[in-house]
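S.K.: Structure incoming, see below.
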Amino acid sequence: KEMSKDKKRSLIERLNSGPVICAEGFLFEIERRGYMASGEFVPMVSLDHPEALENLHKDFQHAGSDIVQAFTYNGHREKMRVIDKEELLESLNRSALKIAKKVAASPIGNEANLMAGNISNSNIWNAKDKETHLEVEKMFSEMVEWAVDEGADMLIGETFYYAEEAYTALKVMKKSGLPSVITIAPMGENIMRDGVSIV
């Protein structure tokens, strides 16, 4: 049965009827295409080369991705501070979200794509320093707020090395009321950096 492009099933509805594909690897693919310098790893491409990011989303969509995920990985306050571009933080996030929303609105096939807001590991989480926990929660909160404001259908928190940081991200994301997904990076030992086993 064909579904109208105007009808957008939620993430849970899609999962209940089968697999849902979400393309990943923006950072490395954008770097391969020459739009981002290795080592910086901040998605400035959404401001500097928005057409390149839009084309990558379309390529991922063409390859079968059901979700158009905003490329804001490492686009958080701390990382922007490190490269002395903190004043561009909100415009970077909003630009990436708008690009993802535009591509999601023009799906390939018969069903509308979901647009996902995105947050990532913070690079400053310290399991023994509660001050970093508060700072990270603030960073996550503003990114989630921008994603909600720009019309995200769902949220993805990705590549967490610390279980407690992932739990913090999920807590912030759930406050939005949007379906939320967390991905973790336990490395080969299947143990998070704060000692939490995933086995």
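S.K.: Between the stretch 26-69 and the stretch 157-173, what is the separation of their alpha carbon centroids in Å?
M.R.: Using only Cα atoms to place each centre, the spacing works out to 23 Å.
S.K.: Which angle between 0 and 90 degrees, to the nearest 10, do you get for helix 50-62 versus the longest principal axis of the chain when only C-alpha atoms count?
M.R.: That helix lies at roughly 70 degrees to the long axis.
S.K.: For the chain, what are Rg and Dmax over the alpha carbons, in angstrom?
M.R.: 16.6, 54
S.K.: Follow-up. For the chain, modelled as a Gaussian network with Cα springs under 10 Å, which listed residue fluctuates most, Gly157, Gly75, Gly177?
M.R.: Gly177
S.K.: Something else now. If you line up the long axis of helix 130-149 against the longest principal axis of the chain, both from Cα atoms, how many degrees apart are they, to the nearest 10?
M.R.: Between the helix axis and the principal axis of the chain, the angle is about 20 degrees.
S.K.: Moving on to the next point. Return a whole-number percent for the relative contact order of the chain, with Cα pairs under 8 Å and 6 or more residues apart as the contact set.
M.R.: Rounded, it is 19 percent for the chain.
S.K.: Still on this structure, I have one more. Quick check for you: which residues of the stretch 151-170 have the amide N under 17 Å from the point 7 Å beyond the Cα of Glu90 toward its beta carbon?
M.R.: 151
S.K.: Out of the stretch 88-177, which trypsin sites (Lys or Arg not before Pro) are coil in DSSP terms and have no more than 12 other C-beta atoms within 10 Å?
M.R.: Working: sites: Arg94, Lys98, Lys101, Lys102, Lys128, Lys130, Lys138, Lys171, Lys174, Lys175; in loops: Lys128.
Of the trypsin sites (Lys or Arg not before Pro), the ones in loops of the stretch 88-177 whose Cβ has at most 12 other Cβ atoms within 10 Å are Lys128.
S.K.: I'd like the orientation of helix 163-175 relative to the chain: the angle between its Cα long axis and the longest Cα principal axis, in ° from 0 to 90, rounded to 10.
M.R.: Tilt of helix 163-175: around 50 degrees.
S.K.: Nothing charged except the Cβ atoms of Lys and Arg (+1) and of Asp and Glu (-1): what's the magnitude of the dipole of the chain about its Cα centre? Round to the nearest 20 debye.
M.R.: Rounded to the nearest 20 debye, it is 560 debye.
The numbers here are math on the coordinates, done by the rules we state, and not lab data. Quick caveat: nothing in here was measured; it's all calculated off a predicted structure. Cβ: placed from backbone, ideal geometry, glycine included. Neighbour counts: every protein chain shown.
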